[in-house]
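Single-structure report; data block below.
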Amino acid sequence: MIIYNISFHVDDEVLQPWKEWMKSFFITEVMKTQCFTGYKFMKLLSEKAEQAGSNYALMCDVENLLKVDQFMRQFEGDLHTKLKAEFGEKVSQFRTVLREENI
């Protein structure tokens, strides 16, 4: 299994509007690309108490690395631009690609 993970750090002052935007726009747009077969939206629980803001992850299931590449080339830039236009520097993000390993 391969997971395309988008991690977000969200300032407290925009947390509720950001969650609504994620639900009503961002996740819908990500899934419309048909690059992913499913997703989970997760809150990071191991953050430090003195850190302002909250951390979340959108973990998207993907069949293969070709679909990851397609998403990154065709859709990622536009979605990042829309996120920055909506929330500016109050939301930051980074992406990782993970593969399940049997040990």
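Nothing in this text is a laboratory measurement; each read-out follows from the coordinates by a stated rule. The structure presented is a predicted model; accordingly, all values stated were derived computationally and were not measured. Using ideal geometry, Cβ is built from the backbone for each residue, glycine included, and neighbour counts are taken over all protein chains shown.
A few points about this structure:
- Taking (1) exposed (fewer than 11 other Cβ atoms within 10 Å of the Cβ); (2) under 14 Å from the mean Cα position of the chain (by Cα) in turn, GLU100 satisfies each apart from (2).
- Inter-residue pairs, beta-carbon under 7 Å, first without any contact (Cβ under 8 Å) to a residue 40 or more places away in the chain and in the range 12-23, second surrounded by 11 or more Cβ atoms within 10 Å (Cβ to Cβ), 6+ apart: LEU15/SER54
- Every residue from the range 1-43 that is among the charged types (D, E, K, R) and more than 12 Å from the chain's Cα centre (by Cα): ASP11, ASP12, GLU13, GLU20, LYS32
- Figure legend. Inter-residue proximity from the range 92-103: first residues in contact (Cβ under 8 Å) with a residue 60 or more places away in the chain, second residues not in a strand (DSSP E or B), beta-carbon distance below 6 Å, spacing 6+ or different chains. Indicated pairs: VAL97/VAL68; GLU100/MET1.
- Residues of the range 84-103 that turn out to be polar (S, T, N, Q) and not in a strand (DSSP E or B), as a count: 1
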